[in-house]
Amino acid sequence: MASGGIAATGGPLVFHYWKNPGGFNNGLKGICASFIQAAFSFGGGDYIAIIAPEVKEPRETVRATIGPLFWRMASFFVLNIWLVGMVVPYNDVDLINKSGTLASPFVIAIKRAGIMPLAHVLNALIFLTVLSCGITSIYIASRCLSGLSELKLIHPLFDKKDKAGRPYLALIVSTTLGGGLCYLNCNNTAAVVGIAGFIQYALVYNNLIRFRMGLKAQGIHYKKLSFYSRCAPYLQYIGLVFIFLILAAEFYLSIFPFGAKPSASNFFASYLAAPLFIFDYFAYKWWFKTKIVKPIDMDFSAAAYFDYEEQCKAEETMANPPPKLSLWKKVLAKVIG
């Protein structure tokens, strides 16, 4: 509304703030610093892989979820940030001096437009969003602990489940630790989580590349998969290059931070996740004596059950075809799911 020109803004803002005071504060160094906050906010799409084993029809659910998730994240993160950059200058007093939701550019944009009741509504939505993120994080953490227990990487107690199949001990530990860490006064939490997020996506890209290698080595055509990326593995290689460049930029910023002298404490506070990952990886290799599996030796047998199940459903669909959806319903299914 503000970019369109409501009364309180005195006309359309368009890209005025990109010119005065400017669109890119602190130049390239400022852009690199924003990557961390972006990674901290953007993470979570990979949760689908953890949630999938607990749904009734994993392949159908993941297939129906991935497309809408992409459009939701693109519209919320990319489009909204584009609009916020149009209506809130980087030197806004509230953006610099306030904290919490008062420093949210969305709240500031509404405040500048003179619609304070809407700002209160937005604060309530932010609260619900944070609460939802906390509940989701507890769920994911408990399932990760349960999975690690099943793989015998941690104590089997964490895989103890109740009658409904919920890992109750893992849930208790995740809730206790997660709830306690919420009150941890740490200014570099976003940096640690952001770096860990980039490393996590790098591992996902690497796994996809190796997965395609395994399929090729065993003579399995990727088009036989339930769903696949037509641009793989090339996009994954490009993604790895981008992540390497971002991690290199963050390494530079952790050594030469804004407005401070280089120090070991600042480096580890900002870049702790990277050396910790390296240590964990080699410690795991040394302790469990594991080796990197060759593509020809990769085991894809776990997919056989789902392949058979999918084949039965395909035959049933051919025998009893469902009614055709209208174009509008097809578009809605792609965007919303």
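Read the figures in this text as sums done on the coordinates, not as results from a lab. This is a predicted model, so every value here is computed, not measured. Don't worry about glycine lacking a Cβ; one is built from the backbone with ideal geometry, like all the others, and counts go over all protein chains shown.
Can you give the helix-only mean residue ellipticity at 222 nm for the chain, where every DSSP H stretch with n ≥ 4 adds -39500 (n - 2.57) and the sum goes over all residues, rounded to the nearest 500 deg cm²/dmol?
Numbers: 14 runs with 207 residues, N = 337.
Using -39500 (n - 2.57) per qualifying helix, the result is -20000 deg cm²/dmol.
Relative to the first principal axis of the alpha-carbon coordinates of the chain, what is the inclination of helix 189-217, with its axis defined by its Cα atoms, in degrees from 0 to 90 and to the nearest 10?
With rounding to tens, the tilt is 30 degrees.
From the mean inverse distance of alpha carbon pairs (Kirkwood) and the Cα radius of gyration, derive Rg over Rh for the chain. Display every interim value, and only then the final one.
Details: Rg = 23.6 Å, Rh = 23.9 Å.
Expressed as Rg/Rh, it is 0.99.
Expected output is a single nm value to one decimal: the length gained when fully extending between Ile81 and Thr189, i.e. 0.36 nm times separation in residues minus the C-alpha distance. What is it?
Details: separation 108, 0.36 × 108 = 38.88 nm, distance 2.18 nm.
Result for the pair: 36.7 nm of gain on full extension.
Using the crude model of +1 on Lys and Arg Cβ and -1 on Asp and Glu Cβ, and no other charge, please compute the dipole size for segment 187-298 relative to its Cα centre, in debye to 20. Before the final figure, lay out each step's value.
Values: 11 positive and 3 negative charges, 124 e Å.
Dipole about the Cα centre, nearest 20: 600 debye.
Magnitude of the Cβ-charge dipole of the chain, K/R +1 and D/E -1, about the Cα centre, nearest 20 debye?
Details: 31 positive and 18 negative charges, 85 e Å.
Rounded to the nearest 20 debye, it is 400 debye.
Using a Förster radius of 56 Å, what is the FRET efficiency between Glu316 and Lys291 based on their Cβ-Cβ separation? Nearest 0.05, please. Write down the numbers at each step before the final one.
Numbers: r = 43 Å, r/R0 = 0.76.
After rounding to 0.05, the efficiency reads 0.85.
Cα convex hull of segment 187-298: how many Å³ per residue?
Numbers: hull volume 14.1 nm³, N = 112.
Output value, Cα hull per residue: 126 Å³.
With each pseudo-label sitting 7 Å past Cα toward Cβ, what's the Asn91-Leu151 distance in nm, one decimal?
Label at Asn91, label at Leu151, 5.1 nm between them.
For Lys160, give me every one of the lysines with a C-alpha distance below 24 angstrom, ignoring sequence neighbours fewer than eight places off in its own chain.
Lys56, Lys152
Excluding Tyr139 itself, calculate the net charge of residues whose Cβ lies under 12 Å from the Cβ of Tyr139, where each Lys or Arg counts +1 and each Asp or Glu counts -1.
Details: positive: Arg143, Arg166; negative: Glu54.
Taking every Cβ under 12 Å from that of Tyr139, the sum is +1.
Could you put Ile195, Ile108 in order, starting from the residue whose Cβ has the fewest other Cβ atoms within 10 Å?
Working: Ile195 27, Ile108 21.
Ranked by crowding around the Cβ, least crowded first: Ile108, Ile195.
At 7 Å along the Cα-to-beta-carbon direction for both Ser229 and Ile140, put a label point, then send me their distance in nm to one decimal.
Spacing of the two 7 Å Cα→Cβ label points: 1.8 nm.
Mind giving me the nanometre distance, one decimal, between the label points for Ser41 and Met298, set 7 Å out from Cα along Cα→Cβ?
Each label point lies 7 Å from its Cα, and together they span 3.5 nm.
Starting from the Kirkwood radius over alpha-carbon pairs of segment 141-244, derive D by Stokes-Einstein at 4 °C in a medium of 1.567 mPa s and give it in µm² s⁻¹.
Working: Rh = 17.0 Å.
Diffusion coefficient, whole number: 76 µm²/s.
Among the listed pairs Lys161/Lys329; Lys163/Lys291; Lys216/Lys313; Lys161/Lys330; Lys224/Lys291, which are separated by more than 30 Å between their Cα atoms?
Values: Lys161/Lys329 40 Å; Lys163/Lys291 37 Å; Lys216/Lys313 27 Å; Lys161/Lys330 40 Å; Lys224/Lys291 28 Å.
In this structure, Lys161/Lys329; Lys163/Lys291; Lys161/Lys330 exceed 30 Å between Cα atoms.
How far is helix 304-319 tilted off the main Cα axis of the chain, in degrees rounded to 10, range 0 to 90?
90 degrees
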